[in-house]
Amino acid sequence: MLYAEFLERTAFNKLELIAHANGLLVEDTPIPEFGRIPAPPFLMFDRIVELKRNGSSGSIIAEQDVQLDAWYFQCHFKGDPVQPGCLGLDAVWQLVGFYCFANGGLGSGRALGCESVEFLGQIRPHDKVVRYEVNIRRLSILKGKGAAIAVGDARVLVDDQPIYNIKGARVGSFTGINYPDYPLPSANSRGGILVR
């Protein structure tokens, strides 16, 4: 699809999300280092069912089909399989980052933290659908740089039961930090403090 269409879309299927993760969804990206969501198996949702834009705010809702043999059930924990709560938090960060990209944010996405996380329940192998509902309370695009930051509050539901509340999930998109020549050493091959 063309970038103009990407900026207008309100839903994405699994094939489109995997294409985005691999840098293949948008044909005419505005910059070569156009941001991507994580690829499977770390991509934590199967479809975006709703993306609403309202100026500097909006919302994004996604769903994940629970798989009996998901990689994390195999190791977390033996004899007591449960999806790690941190993966639910990461799904929210992934969605806030995708919201940045779908609204003109450029560069690579990075989670910047959150205000609070509350776990009320769990996701087990015989559950059916996890729903991530994210209310974007602020989106800021830095003009001239294309960098962006978004902040959202989320609730996570499994089979329509609320199980997590996340407040103030923050994600930024930044140019000049991607590392496409991995595993070779290069200018961006080391971590540490992210200079903004």
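The values are calculated or read from the model by the stated rules, or taken from the named source; none is laboratory data. Please read all numbers here as calculations on a predicted model, not as lab measurements. FYI the Cβ positions are ideal-geometry reconstructions off the backbone, even for glycines, and counts take in every protein chain you see. The protein model used for the area step is the full one, side chains on, heavy atoms only, and it has no ligands, DNA or RNA in it. Shrake-Rupley method; radii C 1.70, N 1.55, O 1.52, S 1.80 Å.
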### Message
If I ignore ligands, DNA and RNA and count only protein heavy atoms, how much of Val134 is accessible to a 1.4 Å probe, in Å² to the nearest 10?
### Response
0
### Task
Starting from the Cα of Glu27, step 7 Å along the direction of its Cβ; do the same at Asp159; then give the gap between the two resulting points in nm.
4.4
### Query
In the stretch 18-176, carbon and sulfur make up what percent of the accessible area (probe 1.4 Å)?
51
### Task
Provide the per residue accessible area, probe 1.4 Å, for the stretch 1-156, rounded to a whole number of square angstrom.
48
### Summary
Over the chain, the sum of -39500 (n - 2.57) across DSSP H runs of at least four, divided by residue number and rounded to 500 deg cm²/dmol, gives at 222 nm -4500 deg cm²/dmol
## Note on the structure
For the chain, the longest principal axis of the Cα atoms and the Cα long axis of helix 85-101 enclose an angle in degrees, to the nearest 10, of 30
### Task
At 0.36 nm per residue, minus the direct Cα-Cα distance, what do Leu68 and Asn188 gain on full extension? Give it in nm, one decimal, please.
39.4 nm
### Query
Hey, what did the stretch 116-167 get for relative contact order, percent, Cα under 8 Å, at least 6 apart?
44
### Query
Taking H as built 1.01 Å from N, whose amide H comes closer than 5 Å to the amide H of Leu25, not counting residues under 5 places away?
His20
### Message
Can you give me the long-range amide H partners of Val171? Hydrogens built in the peptide plane at 1.01 Å from N, cutoff under 5 Å, separation of 5 or more residues or another chain.
### Response
Leu112, Ala150
### Query
Which of these values of Rg and Dmax of the Cα atoms in Å was calculated from the structure shown: [x] 16.6, 53; [y] 19.5, 64; [z] 16.3, 49?
[x]
